[in-house]
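Everything on this sheet refers to the single structure shown next.
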Amino acid sequence: MTSRRKFVATVGSAAALGLAGCIETSDTSGDDTTTNATETSDGTTTTTGGTTASESGEPPKLRIGTTESYVGAVSTSAGGWVEEAFESERKVDFDWVVRDNELNDFIRRKQQGVELGADGYVGVTPTGLVRADRELDESLFAGFDTGSVDNTDDVVEPYWFDPQRRVLPTGASYVCIVYDENEVDEPETLEALTTEAYSDGLLLPNPQDTVTGLSFLLWTVHEFGEDGYLDYWDRLVDNGLRTTGSWNAAYSAYSGKEAPMVMSYSTDQVYASQAEDTDMARHQIAFPNDQGYAYVSGTAKFADTERGGLVDDFASFMLEADTQANVAEKNVGIPTVSDASLPEELQQYVHVPETPIQYGYETLRDSADDWREAVSQRIASQ
């Protein structure tokens, strides 16, 4: 009998969220700030922009870890705008800290008793949180004093994914298929992707290394069950599935017309609609089985930081309605607070699946790594 573990299927339903809180946009830059990157001896890339010194002396310094895509995505990224706006508003010397293994690097450092080199992190996903909790004896993250962080009451309830609420949801979208309607028909089911009509057609960020790929994997477990998802992946691989090491690599290959489909995000048209001479036929959104896997990420405070109050200030900034709208636009995502929205002219490009899917914390803790390892072995053996 097919086993289907408990999952949350109410995250971000179109009726629950409405367009006020689930509109995504994108911008090619949004500012004229030049971001400089410096490689340090520990393999860290620290990005710095202009700093604003306070009249009384040196401003306080804040270092926040994040992902490469947040500061340098192939499409657009919000990191530069966040850095400049927060420095200007709060008179802070702000640095992004990006490491090759992203959050995993901070987990390893915590295990080894090595200084983290950052005060918090933007881009903590449900699976990242679960991994940190499982691998560490002490929590990597400290809880926020909600009395010191503004706008937490406006976070759309289904976006909360940490039972302890150490992670504040600050970014969202849905994993789906972006396809070229001039090359293939819309895939109406996941099973359709294994047929001749879609042979050699799908680019997928590897589930072993990427949130996008892992989200698709979790989606297939929900759809085919624990006793059927591996057979489905065998059929995908046999039908010419191509995997890449990152979302950037997959989307770059898709942009270069190396395949007619890519696993990406339901916000794709918002970005595409703002680029000049865009062929929107190549930016169609498909929700096979009327489903899409909810992608939510958040901002967290490292437990070891000595700048907890400043991280609280940063978290308040990240949840401000203006910040949420700007970040969603530049990062091609969805605001996570109900009082943020995007320009009306972009709302037609927002797509939300009829049935959003997202596994809960306990299921991810118990099974996600096993599922990922099993699929990675199938991909590697082909």
Among the listed residues VAL270, VAL221, which satisfies the condition of being farther than 19 Å from TRP371 by Cα, assigned to a helix (DSSP H, G or I) and either out of contact with any His (no Cβ under 7 Å at 6 or more places or on another chain) or assigned by TED's automatic domain parsing to the domain that holds GLU102 (or both)?
VAL270
Using the structure shown, decide if SER252 is in a helix (DSSP H, G or I) and polar (S, T, N, Q).
yes
Where residues in the range 199-235 are free of Cβ contacts under 8 Å to residues at least 60 places away in the same chain and under 24 Å from the mean Cα position of the chain (by Cα), which of them is nearest to GLU181 (Cα to Cα)?
LEU204
Taking the condition of being in a loop (DSSP other than H, G, I, E, B) and either among the aliphatic types (A, V, I, L, M) or without any contact (Cβ under 8 Å) to a residue 40 or more places away in the chain (or both), how many residues in the range 144-193 meet it?
9
Among the residues of the range 180-194, are any among the hydroxyl-bearing types (Ser, Thr, Tyr) and in contact with a Gly (Cβ under 9 Å, 6 or more places away or on another chain)?
no
Among the residues in the range 81-94, are any on the phi < 0 side of the Ramachandran plot, surrounded by fewer than 21 Cβ atoms within 10 Å (Cβ to Cβ) and part of a strand (DSSP E or B)?
yes
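Mind counting the residues in the range 319-333 that are buried (at least 24 other Cβ atoms within 10 Å of the Cβ) and either under 23 Å from TYR361 (Cβ atoms) or without any contact (Cβ under 8 Å) to a residue 40 or more places away in the chain (or both)? Write out each step before concluding.
Step one: of the range 319-333, the residues buried (at least 24 other Cβ atoms within 10 Å of the Cβ) are 319, 324, 327-333.
Right, trim to either under 23 Å from TYR361 (Cβ atoms) or without any contact (Cβ under 8 Å) to a residue 40 or more places away in the chain (or both) and you get 319, 333.
So the answer is 2.
The values are calculated or read from the model by the stated rules, or taken from the named source; none is laboratory data. These numbers were taken from a predicted model, which means no experiment stands behind them. Cβ coordinates were reconstructed from backbone atoms using ideal geometry, including for glycine residues, and neighbour counts include every protein chain displayed.
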